[in-house]
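Visitor: One structure follows; several queries about it will come next.
The values are calculated or read from the model by the stated rules, or taken from the named source; none is laboratory data. Please read these numbers as outputs of a predicted model, since none were measured by experiment. Here the Cβ positions follow ideal geometry from the backbone for every residue, glycine too, while neighbour counts run over all protein chains shown. Surface areas here come from the heavy atoms of the whole protein model, side chains and all, with no ligands, DNA or RNA. Shrake-Rupley method; radii C 1.70, N 1.55, O 1.52, S 1.80 Å.
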Amino acid sequence: MASGIINGTNLLVSYDAGTGTLYPIGYSTSCTLSITQETRNTTNSTSAGWNTRIVGDRDWEVSVDALVSMTTNNPNLNFYAIFLNHIAPHRDKFLLRFGNDLSGDTFYQGEAYVTGMEITGSNEETATYSVTFIAAGPLVQSANP
């Protein structure tokens, strides 16, 4: 394998729901980090009919697909932790880390809210869930020690 290439199996979304400890989302099967950059239109009478733009707000979002586990006593099997937070009246922010835990590798971290959660259970198939988090602040790049 070429240096610097990450196997998707090693890519983790970890979360802290206020305990001070980051836990990987258990039984995850895929994850996505999306970063967007809005633009503002600055087209004017001197732009010769061409649209011109400057940068605006940035945003980020993380989505995860995972297998549903009904075990509640292990924080790594955290469907319940995410679900209970999502339906609670106070709906706390999660501290998310997107990356891996390999020494020296880069990861991205920031606070986010759950914006959607879906459970799917087809007949005779493994139950899965999807959860989407949206930024509640900046996304910061760092590296594992």
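Visitor: Thr52 to Ser103: FRET efficiency via 1/(1 + (r/R0)^6), r the Cβ-Cβ distance, R0 35 Å, to the nearest 0.05?
Guide: After rounding, the FRET efficiency stands at 0.20.
Visitor: Continuing with this model, one more query. Rolling a 1.4 Å sphere over the protein heavy atoms, what is the accessible area per residue of the chain, to the nearest Å²?
Guide: 64 Å²
Visitor: Would you tally the net charge around Thr36, using a Cβ to Cβ cut-off of less than 13 Å, leaving Thr36 out, and scoring K and R as +1, D and E as -1? Each step should come with its number before you reach the end.
Guide: Details: positive: Arg58; negative: Glu38, Asp57, Asp59, Glu61.
With Lys, Arg at +1 and Asp, Glu at -1, the net is -3.
Visitor: Among Ile87, Ile25, Ile119, which one shows the highest mean-square fluctuation when the chain is modelled as a Gaussian network with alpha-carbon springs under 10 Å?
Guide: Of Ile87, Ile25, Ile119, the Gaussian network model singles out Ile87 as fluctuating most.
Visitor: Which residues does the label zone of Val140 cover in the stretch 107-127, counting backbone N under 18 Å from a point 7 Å along Cα→Cβ?
Guide: Counting backbone N atoms under 18 Å from the label point, the list is 107-113.
Visitor: Treating the Cα atoms of the chain as identical point scatterers in vacuum, please give the log10 of the normalised Debye intensity I(q)/I(0) at q = 0.10, 0.20 Å⁻¹, two decimals.
Guide: -0.44, -1.24
Visitor: Hey, any idea what % of the chain's accessible area is carbon plus sulfur with a 1.4 Å probe?
Guide: 50 percent
Visitor: Would you pull out the residues with amide H under 5 Å of Ala127's amide H, same chain only if 5 or more places away, H placed 1.01 Å from N?
Guide: Val68
Visitor: If you don't mind, there's one more thing I want to ask. Taking the chain as a Gaussian network, Cα atoms linked when under 10 Å apart, which of Ala135, Ala66, Ala48 shows the biggest mean-square fluctuation?
Guide: It is Ala48.
Visitor: Further, regarding this structure: Residues with beta-carbon under 14 Å from that of Asp59, excluding Asp59: net charge, scoring Lys, Arg +1 and Asp, Glu -1?
Guide: Its environment carries a net charge of -3.
Visitor: Find which of Ala66, Thr42, Gly116 sits farthest along the positive direction of the dipole of the chain, computed with +1 on the beta-carbon of Lys and Arg, -1 on that of Asp and Glu, about the Cα centre.
Guide: Checked the options; the winner is Thr42.
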